[in-house]
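Computed from the coordinates by the stated procedures, all read-outs in this text should not be read as laboratory data. All values derive from a computational prediction rather than experimental measurement. Glycine gets a Cβ as well: all are built from the backbone with ideal geometry, and neighbour counts include every protein chain shown.
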Amino acid sequence: MLLKTLFYIFTFAISASVASYLKLIVDRYDSDDSVIFKPSYCPSCKEKLLWWQNIPILSFFLLKGKCSFCGVKIKSEYFITELLIALVVSGLVSVAIRDKLAFPQMLLFVYFVFALILLVLFDLKHKIIPHFISYTSILVLMVAVSLLDKSFILPVINLGVLFLCVDYFIGFVAWILKKESDFNLISVPLVLWLMIFFFYQNIILVSIPIILYFLAVKFLSFGKKLNTILWFLSFVLIMTLFVKALFVDFDISLIKDLFVGVGLIYLFCEILFYLIGIQFLNLRVPNQDSKAETAVVLGGGDVTVLAIISVFLGFKIAFLSLFLASILGLFVFLLQFIYKRLINTKNIKLESEYAHYVPFVPYIVLACFIIIMIY
Ligand SMILES: [Zn+2]
């Protein structure tokens, strides 16, 4: 009992410290301050904090909510963020202990939880999800899950199914709303792979569209129209292949192979292309400015967060999270609507410049954590 209590105090303290550091990473995202070499300082008087003024949660009480150098009030968001994250992480760790996770799985689970929390903080503060962080998390989780389960196939399929379904969903929504859809060039290797797969069901052949993509991306430029056509072509092809596998070849394992290929295309042409191609080799995807890559639009950052959930917990949990997040989001939206209409009719003009922006990542992550708790 005592050991258990000590363990939870330890977990709580570590979580609060990590939370404090994640908050610092997010706060310094658009400044030049290093997140490693520059110690914490008061944002008002720039005085370096002493060690005891850096203790998460407690320091807020020790300092009585004020900077000890200049007396400026410390924002309570630091205190609230640290407390909330420490509570959530402790709760999730207790669930993981209940489920008797082995130590390596436990470490991975904690990494997964903190990665999602970091992205929530980014969405709340900057309204963006940095692809560098989300794609790195996907890659780390995929490699770790493959090593632990000794199978590379499952995380690849989870990645492929998630990206493809969400991309189609967004494509159709954009098409119905007659909005300019932001299809990227990934439909090129996808269509190629689907056509190859129709004739030769060999997973090794997926290397052809991947290599061609890396070669072509520097020289090719597709108009939005052609991209949209290719995207619909890929949808028709995948439906054809489903029908073929189910009713002509009577072989469900073909669908598995098909999605391993799709997952590999997203892994190489989307994630590794971004992490290696764009970050290190200075490749640029035509028709996409660098700002659009990190902006959270419908399907921008949300997809990558869902992909993190999918590669770690499977695509079913990811879709369940999306479903629950939509319900939570709708519920909060209705509450806000009622509040504005019925109670707060005078202050409608107070809406900020971000009034049209609804951070959706917090809902997805909250939904995912609720599902983990009750699953
Ligand atoms: Zn100060």
For region 1-100 the mean separation of alpha carbon contacts under 8 Å (6+ apart) over residue count, i.e. relative contact order in percent, is 35 percent
Based on Cβ point charges of +1 for Lys and Arg and -1 for Asp and Glu, what charge dipole magnitude is obtained for the chain about its Cα centre, in debye rounded to the nearest 20? 940 debye
12 Å beta-carbon shell around Leu258, net charge (K/R +1, D/E -1): -1
Express the relative contact order of region 71-181 as a whole percentage, based on alpha carbon pairs under 8 Å and six or more residues apart in sequence. 13 percent
How much length, in nm to one decimal, is gained on full extension between Leu3 and Phe219, taken as 0.36 nm per residue of separation minus their Cα-Cα distance? 71.6 nm
Positive end of the charge dipole of the chain (Lys, Arg +1 and Asp, Glu -1 on Cβ, about the Cα centre): tell me which of Leu63, Leu230, Ser187 has its Cα farthest that way. Leu63
Sort Lys150, Lys244 by Cβ crowding within 10 Å, fewest neighbours at the top. Lys150, Lys244
Which trypsin sites (Lys or Arg not before Pro) does region 1-53 hold that lie in a coil by DSSP with at most 15 other beta carbons within 10 Å? Arg28, Lys46
Only four residue types carry charge here, +1 at the Cβ of Lys and Arg and -1 at the Cβ of Asp and Glu. Report the dipole size of region 1-100 about the Cα centre in Debye, rounded to the nearest 20. 300 debye
Take Leu63, project a point 7 Å from its Cα along the Cβ direction, then tell me which residues of region 107-133 have their backbone nitrogen under 11 Å from it. none
Exposure-ranked with fewest Cβ neighbours within 10 Å first, Leu185, Leu159, Leu107 stand as Leu107, Leu185, Leu159
Quick one: length gained pulling Arg28 to Leu205 fully straight, 0.36 nm per residue minus the C-alpha distance? 59.3 nm
In nm, the gap between the two label points placed 7 Å beyond Cα toward Cβ at Leu281 and Ile14 is 3.8 nm
Residues with beta-carbon under 11 Å from that of Asp27, excluding Asp27: net charge, scoring Lys, Arg +1 and Asp, Glu -1? +1
With an 8 Å cut-off on Cα pairs and a minimum separation of 6 or more residues, tell me the relative contact order of the chain in percent. 20 percent
In the neighbourhood of Gln201 defined by beta carbon distances under 12 Å, the net charge of the other residues (Lys, Arg +1; Asp, Glu -1) is -1
Would you mind checking region 190-216 for residues with the amide N under 18 Å from a putative spin-label position 7 Å along Cα→C-beta of Asp249? 190-209
For region 3-123, how many pairs of lysine residues have a Cα-Cα distance under 19 Å, where the two are 8 or more positions apart or belong to different chains? 20
